[in-house]
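One structure is given here, and the rest of the page talks about it.
The values are calculated or read from the model by the stated rules, or taken from the named source; none is laboratory data. Nothing here was measured: the structure is a model prediction, and the numbers come from that model. Quick reminder, even Gly has a Cβ in these numbers, built from the backbone with ideal geometry, and neighbours come from all protein chains shown.
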Amino acid sequence: MKWLPRETVVVPVDFSEDALAAFETAHGMVKDPAHLHAIHVLPLLEVTDPGVIWETIDDESRRQHAEAALREQLSKLGAEDEVHVAIRFGDPGHEIVAYAEQVDAGLVVVASHGQSGLRRLLLGSVAERVVRLAHCPVLVLKK
């Protein structure tokens, strides 16, 4: 089994330094940047959120802002326009895995933020969820 290069690589990006470093690592793994997919997952809006009540924010505007911010960050890293950018809504672990299946990813490269203790117990680990649910190999990068 050959590990590298992969035809399609998915990288979750939450705008943290670790996630951007994981993107740079994944960028070096693909033959062509067109095989690289960056995904950012936004939380669902609650009906009780002030922005929803006052109708000042909606999912489409959030998606547009997140995509623009992600493209800006990726361009700072020297990523070409061929990189695919996806914005999803919901649980990050599940949405990342669903997107990886949708694009038939050969690899998911995810950063581990190294949370432990009560915070990890309460929030869970996105990297752990992706490892458990993914249909393909997952490379977890730690600091």
Checklist entry - Counting just the residues of segment 79-89 that are out of contact with any Lys or Arg (no Cβ under 9 Å at 6 or more places or on another chain) and not in a strand (DSSP E or B), which one comes out farthest from residue 8 (Cα to Cα)? => result 80
Checklist entry - Can we say residue 86 is within 27 Å of residue 131 (Cβ to Cβ) and modelled with pLDDT of 95 or more? => result yes
Checklist entry - Looking at (1) surrounded by fewer than 13 Cβ atoms within 10 Å (Cβ to Cβ); (2) free of Cβ contacts under 8 Å to residues at least 24 places away in the same chain, which is the only condition residue 31 fails? => result (2)
Next on the checklist: If residue 93 satisfies all but one of (1) part of a helix (DSSP H, G or I); (2) exposed (fewer than 15 other Cβ atoms within 10 Å of the Cβ), what's the number of the condition it fails?
Outcome noted: (2)
Checklist entry - Which residues, counting only those in segment 23-78, are under 22 Å from residue 7 (Cα atoms), aromatic (Phe, Trp, Tyr) and outside any helix (DSSP H, G or I)? => result none
Checklist entry - For segment 34-76, how many residues are under 18 Å from residue 94 (Cβ atoms), of a type in the set (A, V, I, L, M) and surrounded by fewer than 16 Cβ atoms within 10 Å (Cβ to Cβ)? => result 2
